[in-house]
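The values are calculated or read from the model by the stated rules, or taken from the named source; none is laboratory data. Model, not experiment: these values are computed from the prediction. Positions of Cβ are generated from backbone atoms using ideal geometry, with glycine treated the same way; all protein chains shown enter the neighbour counts. The protein model used for the area step is the full one, side chains on, heavy atoms only, and it has no ligands, DNA or RNA in it. Shrake-Rupley method; radii C 1.70, N 1.55, O 1.52, S 1.80 Å.
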Amino acid sequence: MIKTRTEIRNFKVWMICLTLFLWALLLVAPFLGLLDDSLLYSIFPFLNFGLVIDGTIAGNEIPQFIKDNFSFGVSLACVMLAIALVVLLVYLIVRCILASQRSRAKKVLRKTGYSAEYFALLEKKKKSLKGSYLEAVNDLCLAKEYGDGRRYDTALEILRNVDIDKFKVRDAAEYYSLYAYIFILTGNLDNAGFAIDLGVPFAEKVKDKSDMDFVSALLLYAQKDYEGAENAFKPLLKSHNNEIRVWSGMYLGLIYLRQHKNDSARKIVVALSKYKKTPRQSEDILKLLKKIETAYALEEEERQEAIASDEVQPA
């Protein structure tokens, strides 16, 4: 699901602009003759503090204009503060509503996994954002969730229908990376390579291109170029993207198992245990652990057979 801070960003900007507009209106109104102290106090009598200021500031006489309007100015400041607090309250309420939607989806995902209930919540969000400037970005998030849920056909359908013209450079890089990722998982390596070629120009313009680096390494793995994949995955263990770091470590573990480096595979899985994982990663790392256990069992079995063979050798 789209992140709350992304969804509320424009609303936040609008709220700030509205606050500044109302403040400016209040400050200008007295000079235009649209508002004076009698009108203000007739609407909000509790703001008539009756404050008086006199004397000097740093040896300078306080201007008469300030003396005459000091209480009125304080009252205006209170109104401006009240406006800011109301706008802030509205912003926080909207933010809490959006955050609760995301929190509910996460809770369902933890309890039921990539279930029909979870995807129903995501589809509901998709419907609510239809036609908005966030529709394309949300569709990208939705396609990723369908991919993680192994619903690859649905993920590909969403990606085909996304309006990529609405993407920023970073979103475009992520779009082609995700396209390539799903193509690789479905065995369509030619189209995966094509998607990577299309995405590289966008990835080179962003600060963090770990998504594209990962799918490029994954393509090497799918093409059974395990040495090339190993060299490509290793730098990604230092990525700031936690999800990419975990996936890269897991594929390195698989490569080490193929190379019969069981200790290296075990060590990397232990290192991954401290990182937060997606539900899909949690499922797959359990499978990897079982593969490692099986590899150790086979290694021990071979060792015992070798010992038994030595024992029956004639003197």
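A few points about this structure:
- First in region 123-135 and open to solvent by 70 Å² or more (accessible area, probe 1.4 Å), second anywhere and at pLDDT below 90, Cβ under 8 Å, 6 or more apart: Tyr133/Asn10; Tyr133/Lys166
- Test for Ser42: is it part of a helix (DSSP H, G or I), under 25 Å from Leu85 (Cβ atoms), open to solvent by less than 50 Å² (accessible area, probe 1.4 Å) and of a type in the set (Ser, Thr, Tyr): no
- Just one of the listed residues (Thr6, Thr19) is modelled with pLDDT under 90 and β-branched (Val, Ile, Thr), and it is Thr6.
- Within region 36-73, being out of contact with any helix residue (DSSP H, G or I) (no Cβ under 7 Å at 6 or more places or on another chain) and aromatic (Phe, Trp, Tyr) holds for Phe44, Phe46, Phe65, Phe70.
- Counting only residues that are part of a helix (DSSP H, G or I), closer than 27 Å to Leu109 by Cα and open to solvent by 70 Å² or more (accessible area, probe 1.4 Å), region 250-288 holds 4 of them.
- Filtering region 133-159 to residues that are over 16 Å from Ser115 (Cα atoms) and within 13 Å of the chain's Cα centre (by Cα) leaves Val137, Asn138, Leu140, Cys141.
- Boolean, Leu109 is part of a loop (DSSP other than H, G, I, E, B) and either in contact with a Cys (Cβ under 7 Å, 6 or more places away or on another chain) or aliphatic (A, V, I, L, M) (or both): no
- Glu123 meets the conditions (1) within 29 Å of Cys17 (Cα to Cα); (2) of a type in the set (Asp, Glu); (3) at pLDDT 90 or above in every case but one. The failed one is (1).
- Evaluation of Glu299 against (1) more than 30 Å from Tyr175 (Cα to Cα); (2) among the acidic types (Asp, Glu); (3) free of Cβ contacts under 8 Å to residues at least 24 places away in the same chain (one fails), failing number: (3)
- Test: residue in region 75-84 that is among the hydroxyl-bearing types (Ser, Thr, Tyr), farther than 25 Å from Leu51 by Cα and open to solvent by less than 70 Å² (accessible area, probe 1.4 Å): no
- Positions within region 140-155 being in contact (Cβ under 8 Å) with a residue 40 or more places away in the chain and more than 23 Å from Arg110 (Cβ to Cβ), in sequence order: none
- Residue that is open to solvent by less than 80 Å² (accessible area, probe 1.4 Å) and either touching a Lys or Arg at 6+ places or on another chain (Cβ under 9 Å) or free of Cβ contacts under 8 Å to residues at least 40 places away in the same chain (or both), where the choices are Leu51, Leu32, Leu18: Leu51
- Residues in region 74-94 that are touching a Leu at 6+ places or on another chain (Cβ under 8 Å) and within 14 Å of Leu20 (Cβ to Cβ): Met80, Ile83, Val87.
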